[in-house]
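Engineer: Following this message is one structure expressed as structure tokens.
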């Protein structure tokens, strides 16, 4: 009976000690003693996530842990991402690195994981009201401000601009949108539309872009001077819509993230700026930080992986060129 009582009390005491929901390290779950870390992206199709995976795998190799990469195909599949988290809880991995595609829907599975003794680190996009090991991400609000400042520079502090948002529930892109709006409005730009959403894919983004642009068409072009999109798929969807309407290069356009086609458009003058994150660094530091926690080390609660602006003029600078074509898995 005494053994049963102790078995019941130990996990309760472990959680009650400091009132923190962050799970303690329980040691390697794999029989050979190698730590197993699950890395769960928002989606698996964007170029961004391929670079995150490359960074995560590099950290796994460097620190001698097994990195298991699995996520939903599309960035709007909340149920699938929840299922992936639940499956890793069942597998009893040693830790989870998660980019939540919704800032509230993933709270319960994350809480369940940590109460099961599996520490969780959040990266890329924040999760509301849940304490985790650390948050590794771009300062998205600042990234949006960088885009807004670039637009103000391009337009000389005046002009009509639109924002095509990404999707509701995505904390990172919402912060970028708000950062852009703040910078644009402070500079004197007039935001004439900021309530339309691109959706999770390039295809939905292109349709949303075509519908949005149709509202501002006039005989000789568009009744606006600037466009901002907050991530890779929304930027590419808007680019396609502009190209299809023979409007590419005829309106100032600032986007977010990089892919070969977006870089080509930057070089061609069809995009006037891309705010770049460092996805490889993000994946690397996310895994490194969680492994440090699992090994009993103190870690920072917030790690900013940085954001910079790429333009046609600075694209060949070594630091910019590296981010325009980051390593991929």
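Engineer: Give the stretch 305-323 a look and list any residue that's touching a strand residue (DSSP E or B) at 6+ places or on another chain (Cβ under 6 Å) and under 20 Å from residue 172 (Cβ atoms), or say none.
Structural biologist: Result: 307, 308, 309, 310, 323.
Engineer: A follow-up question, please. Scan the stretch 258-298 for residues that are within 19 Å of the chain's Cα centre (by Cα), closer than 30 Å to residue 65 by Cβ and not in a helix (DSSP H, G or I) and jot them down.
Structural biologist: 258, 259, 276, 277, 278
Engineer: Please work out if residue 100 is under 21 Å from residue 117 (Cα atoms) and modelled with pLDDT under 95. Step through it out loud before you land on a result.
Structural biologist: Working: under 21 Å from residue 117 (Cα atoms): yes; modelled with pLDDT under 95: no.
Against the criterion (under 21 Å from residue 117 (Cα atoms) and modelled with pLDDT under 95), residue 100 does not qualify.
Engineer: All but one of (1) part of a strand (DSSP E or B); (2) without any contact (Cβ under 8 Å) to a residue 60 or more places away in the chain hold for residue 247; state the number of the condition that does not hold.
Structural biologist: Among (1) part of a strand (DSSP E or B); (2) without any contact (Cβ under 8 Å) to a residue 60 or more places away in the chain, the lone unmet condition for residue 247 is (1).
Yes/no matrix, rows are residues, columns are (1) under 17 Å from the mean Cα position of the chain (by Cα); (2) assigned to a loop (DSSP other than H, G, I, E, B); (3) within 28 Å of residue 157 (Cα to Cα):
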position: 227; (1), (2), (3): no, no, yes
position: 238; (1), (2), (3): no, no, yes
position: 309; (1), (2), (3): yes, no, yes
position: 316; (1), (2), (3): no, yes, yes
position: 322; (1), (2), (3): no, no, no
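Engineer: A further question on this structure: Just name the residue that is nearest to the chain's Cα centre (by Cα) out of those in the stretch 151-176 that are assigned to a helix (DSSP H, G or I) and surrounded by fewer than 23 Cβ atoms within 10 Å (Cβ to Cβ).
Structural biologist: 171
Engineer: Among the listed residues 196, 185, 206, which satisfies the condition of being over 19 Å from the mean Cα position of the chain (by Cα), assigned by TED's automatic domain parsing to the domain that holds residue 249 and surrounded by 21 or more Cβ atoms within 10 Å (Cβ to Cβ)?
Structural biologist: Answer to the check: 206.
Engineer: Listed residues 226, 221; which is out of contact with any strand residue (DSSP E or B) (no Cβ under 7 Å at 6 or more places or on another chain) and assigned by TED's automatic domain parsing to the domain that holds residue 251?
Structural biologist: None of the other options fit; the residue is 221.
The values are calculated or read from the model by the stated rules, or taken from the named source; none is laboratory data. Source: prediction; values computed, not measured. All Cβ positions, even for glycine, are placed from backbone atoms using ideal geometry, and neighbour counts span all protein chains on display.
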